[in-house]
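Structure first, then comments.
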Amino acid sequence: MESWKLNMRIWFGGLLLCCVLLHPAFAQNDWTQWRGANRDGVASVSVPDEWPDALTHVWKMPVGEGHAGPLVADGKVFVFARQGEQEVVSCFELQTGKGIWTQKYDAPYEINSAASGHGKGPKSTPALFAGKVYTLGIGGILSCFDTLTGKQVWQHAFADQFDGALPLYGTAMSPLVVNGMLIAHVGGDDNGALMAFDAETGKMRWTWSEDGPGYASPILATLDGVPQVVTQTQNACVSVALDTGDLLWKIPFATAWYQNAITPVVFQERVIFSGLEKGTAAYRPVRDGDRWTVDPIWENDNVSMYMSSPVLHEGVLYGLAHTQKGHFFALDAKDGTLFWQSKGRQSDQVLMVRVGDMLMCQKEDGTLLMLRASKEKFEPVAEYTVADSPTWAPPAVIDNHVLVKDKTHVTLWRVKK
């Protein structure tokens, strides 16, 4: 009897192993929010020994227009876009692209003429958390949907609360979910608030209303032992207490036409940020009891970032400066020393993801540039065409695959043969 049981266990284990080996499964490295699981532009995936001459097309699906990046969790893809005068959340099977559910709501929006070239689609990448997907539309409508059914759980619109105020170029910051809270900067120029809501019910937890939103997205940081939300607002780089929303520290920082758009980077208790024609700088917030001061550490006036947030690797900050019609750079995150910068005319913007010791750079012209993350020199390794229309949305990078959102479609590409 015991021998029979042992044989059955061996047979079942072998069958299970065969299923695992034969099934083209994806690794469990979900892409759940703006710039990945940790909001730092780093993908925890394996890197091929040799990059192929071309990526392999898996599937392509129409979803609507917009710059919101796709998300991946539990073998499903979630995309937020616009179709006509409605904002649409769609769920697909990751492996096949087959539709699972679609949810829509009315979202009329009048675009500012200065941003007409980018269309009326949402610019805010959603967030996934505990079986919910959270979206922030271009007109500031904040929504929560069930990931299994697509059913709307709750929704807030802020037009009445902030007298219809919106950022000049439309809402762009991507919400943050942490400690059971959904955090978003709502409202618009000169009239807005950074708010935290209960992620399950939508009930407001706290609000900080001293400045309107920028186009940057907040991050969670622990500085001097204190958990805090750090972001670029309309006129500053600020930090508020995670639990209460109380202001901890503030660095005045304003760019032309209030275009603060860079997601801050934290390195060794330093907060690094940049802006249009404002250089790149690092500050160290220091706590003395309940009082905070912010000490400047370094500033590099030769490198200014506009819409392209940088990534870190082994103490080196890599990014795209907006001058010279776009040039890549590498600088020392400790002291701001510039290691190298590429020639200009690279791209007006890139969405950058670090994959091991490589930098995956999604250009706006539909090409994906692979760079070596080296402080020695600018070293392109491969370049792929992944779209035939503008790619302003950040890619989602999962095991051996990249999801690309172009103007109206989302496409899955496989890296390895």
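Numerical summary
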| quantity | calculated |
| --- | --- |
| Gyration tensor verdict on the stretch 115-174 (Cα atoms; rounded if a/c is under 1.5, prolate if a/b is larger than b/c, oblate otherwise) | oblate |
| Isotropic mean projected area of the C-alpha convex hull, the chain (nm²) | 22.8 nm² |
| Shape call, the stretch 109-240: gyration tensor on alpha carbons, a/c limit 1.5 | oblate |
| Kirkwood hydrodynamic radius (C-alpha pairs) into Stokes-Einstein, the stretch 213-275, 25 °C and 0.890 mPa s, D in µm²/s | 211 µm²/s |
| Whole-number percent relative contact order across the chain, with pairs defined as alpha carbons under 8 Å at least 6 apart | 14 percent |
| Accessible carbon and sulfur surface of the chain relative to its total accessible area, %, 1.4 Å | 50 percent |
| Overall form of the stretch 301-370 per C-alpha gyration tensor (a/c, 1.5; a/b vs b/c) | oblate |
| Cβ-based net charge around Pro213, under 14 Å, with every Lys or Arg adding one and every Asp or Glu removing one | -3 |
| Directionally averaged projected area (convex hull, Cα atoms, the stretch 38-125), nm² | 8.2 nm² |
| Calculated [θ] (222 nm, deg cm²/dmol) that DSSP helices of n ≥ 4 give over the chain, each run adding -39,500 (n - 2.57) | -1500 deg cm²/dmol |
| Whole-Å semi-axes of the ellipsoid equivalent to the stretch 239-329 (Cα gyration tensor, √5λ, descending) | 25, 15, 11 |
| Accessible-area value, Met352, 1.4 Å probe, nucleic acids and ligands omitted, Å² | 10 Å² |
| List Lys120, Lys98, Lys375, ordered by accessible area with a 1.4 Å probe, largest first | Lys98, Lys375, Lys120 |
| Accessible area per residue in Å² at 1.4 Å probe, computed on the chain | 43 Å² |
| The stretch 257-298, dipole about Cα centre (Lys/Arg Cβ +1, Asp/Glu Cβ -1), debye to the nearest 20 | 40 debye |
| Residue with peak Gaussian network fluctuation, the chain [Cα springs, cutoff 10 Å], from Tyr283, Tyr306, Tyr318 | Tyr283 |
| Environment charge of Asp406, counting only residues whose C-beta is closer than 15 Å and scoring Lys/Arg +1, Asp/Glu -1 | +2 |
| The stretch 258-417, relative contact order in percent, only Cα pairs under 8 angstrom and at least six apart counted | 12 percent |
| Computed magnitude of the charge dipole of the stretch 310-395 (debye, nearest 20; Cβ of K, R +1, Cβ of D, E -1) | 160 debye |
| Relative contact order %, the stretch 174-251, counting alpha carbon pairs below 8 Å whose residues are six or more apart | 21 percent |
| 3J(HN,Hα) from dihedral phi, the stretch 396-410, Karplus parametrisation 6.51/-1.76/1.60, rounded to Hz, x for glycine, proline | 10, 10, 10, 4, 6, 9, 9, 9, 10, 9, 9, 4, 9, 10, 10 |
| Solution diffusion estimate, µm²/s, Stokes-Einstein, the stretch 265-417, Kirkwood Rh from C-alpha pairs, 4 °C, viscosity 1.567 mPa s | 79 µm²/s |
| Accessible-area ranking of Trp257, Trp51, Trp59, largest first, probe 1.4 Å | Trp257, Trp51, Trp59 |
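The values are calculated or read from the model by the stated rules, or taken from the named source; none is laboratory data. What you are looking at is a predicted structure, and each value in this text was computed from that prediction instead of being measured. Here the Cβ is made from the backbone with ideal geometry for all residues, glycine too, and neighbour counts use every protein chain on show. All accessible areas refer to the heavy atoms of the entire protein, side chains included, with ligands and DNA or RNA removed. Shrake-Rupley method; radii C 1.70, N 1.55, O 1.52, S 1.80 Å.
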